[in-house]
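Participant: Sharing a structure below in structure tokens format, with a few things to ask.
We did not get these values from a lab; they are worked out from the coordinates using the rules stated. On a predicted model such as this, the values are computed, not experimentally measured, just so you know. Neighbour counts run over all protein chains shown; Cβ positions are idealised from the backbone, glycine included.
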Amino acid sequence: MQRRSFLKFAAFSTIAPSVIMAAGDHDNFVLDSKASASLNSKVKKMLEEIKSTNSYYTQSKGATFFEHFKDAQHPRATLIGCSDSRFQSDALDATAEDDVFTIRNIGNQYIVNEGSVEYGVHHLHTPLLIVMGHTRCGAIKAAMSDYSGETSSIRREVDHLSLPVRKYAGLTPDTQRWLAAVIENVNFQVKECMLRFNEEVKSGKLTIVGMVYDLANDMQKGYGKIVPVNLNGETSEQKLKYLSVLKPFFEA
């Protein structure tokens, strides 16, 4: 056996046992044989729920539901949201399919997904761009604290949040300070979007709205409520609540 072939064989033999064990045991689907049974059970349960939910979804929708958008998408809004699992699109749109072009990352940032946002605005021509922050955001809390122990990839994304929340850095992230930083970040992201899409906003082709999804009722308007905090750079609540497009959000 040539040296190169032997090295390939030796490398394969060091990893093959765990793969073979997994293949021989239908319930041990995690390649690492040391993985706990409880972890396997959680993964299996989640996948079962995904299959069950998807079966219900496809049956309830029916084939005709997909006909009008199977060849192209026609969203009315581009949404920059946080990756946090506590925020999902059904908080703002019960039928988000073909309606919301969604971009998500930690801290609902524009710059880390600039190309995707531009695609929504320039190629899909959505007239509405939403920056959706949320209360108790972990990324904002991290940016307010020492995150130097995180991996380089996480640090790079959190670094972009350090500017909008710089005035809160090093301070104890109590509820109100945390909320203020969340709003500050939404306003910062709207400002960044305004710089990029200034011409579209000026011409009336695009409206940029900054909002906060309040999962903890920190804004005292109700659990799960969406609260507008910025419209095309205007951040005064006294002005926002009288604008016709936002007035319903401020009504009881």
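Participant: According to the Kirkwood expression over distinct Cα-Cα pairs, how big is the hydrodynamic radius of region 86-179, in Å?
Facilitator: Working: mean 1/r = 0.0672 Å⁻¹.
Final number for the Kirkwood radius of region 86-179 is 14.9 Å.
Participant: So for the pair THR207, SER55, with labels modelled 7 Å out along Cα→Cβ, what separation do we get in nm?
Facilitator: 4.3 nm
Participant: Just order 238-247, 47-56, 81-90, 129-138 by mean Cβ neighbour count inside 10 Å, highest at the front, would you?
Facilitator: Ranked by mean Cβ neighbours within 10 Å, highest first: 129-138, 81-90, 238-247, 47-56.
Participant: When the dipole is taken about the Cα centre of region 34-139, and only Lys, Arg (+1) and Asp, Glu (-1) are charged at their Cβ, what size is it in debye, to the nearest 20? Could you put the intermediate results ahead of the total?
Facilitator: On the way: 11 positive and 12 negative charges, 138 e Å.
The dipole of region 34-139 has a size of about 660 debye.
Participant: Please name whichever of ALA216, LEU124, SER203 sits farthest to the positive end of the charge dipole of the chain, dipole taken about the Cα centre and charges placed at Cβ: Lys and Arg +1, Asp and Glu -1.
Facilitator: My answer, from the dipole projection, is ALA216.
Participant: Let me ask something additional. My understanding is that a pair violates if its Cα-Cα distance is over 26 Å; which of LYS141/LYS191; LYS61/LYS241; LYS191/LYS247; LYS167/LYS247 do that in this structure?
Facilitator: Details: LYS141/LYS191 21 Å; LYS61/LYS241 37 Å; LYS191/LYS247 22 Å; LYS167/LYS247 31 Å.
With Cα atoms farther than 26 Å apart: LYS61/LYS241; LYS167/LYS247.
Participant: Please work out whether region 93-252 counts as rounded, prolate or oblate from its C-alpha gyration tensor, where a ≥ b ≥ c are the square roots of the eigenvalues and a/c under 1.5 means rounded, while otherwise a/b larger than b/c means prolate and anything else oblate? Numbers along the way, then the final one.
Facilitator: Details: a/c = 1.74, a/b = 1.22, b/c = 1.43.
Judged from the Cα gyration tensor, region 93-252 comes out oblate (a/c at least 1.5, b/c at or above a/b).
Participant: Further, regarding this structure: With everything on Cα atoms, drop me the angle between helix 37-61 and the longest principal axis of the chain, reported from 0 to 90° to the nearest 10.
Facilitator: In the chain, helix 37-61 runs at an angle near 60 degrees to the longest axis.
Participant: LEU171: net charge of surrounding residues, Cβ under 13 Å, Lys/Arg +1, Asp/Glu -1, itself excluded?
Facilitator: On the way: positive: LYS141, ARG166, LYS167, ARG177; negative: ASP146, ASP174, GLU184.
Neighbourhood net charge equals +1.
Participant: May I pose another question? Would you list which aspartates and glutamates come within 15 Å of LYS225, measuring only between C-alpha atoms, while excluding same-chain residues fewer than 8 positions from it?
Facilitator: Result set, ordered by chain and number: ASP90, ASP93, ASP214, GLU251.
Participant: On a 0 to 90 degree scale, rounded to 10, what angle separates helix 3-24 from the longest Cα axis of the chain?
Facilitator: Helix 3-24 sits at roughly 80 degrees to that axis.
Participant: May I pose another question? In debye, nearest 20: dipole of region 130-252 around its Cα centre with unit charges on the Cβ of K, R (+) and D, E (-)? Write down the numbers at each step before the final one.
Facilitator: Values: 16 positive and 14 negative charges, 40 e Å.
I would put it at about 200 debye.
Participant: While we're on this one: Measure of size requested: the Rg and Dmax of region 102-147, with Cα atoms as the atom set and Å as the unit; please supply both.
Facilitator: Reported Rg and Dmax, both Å: 12.8, 40.
Participant: Expected output is a single nm value to one decimal: the length gained when fully extending between ALA37 and GLU97, i.e. 0.36 nm times separation in residues minus the C-alpha distance. What is it?
Facilitator: Numbers: separation 60, 0.36 × 60 = 21.60 nm, distance 3.64 nm.
My answer for the length gained is 18.0 nm.
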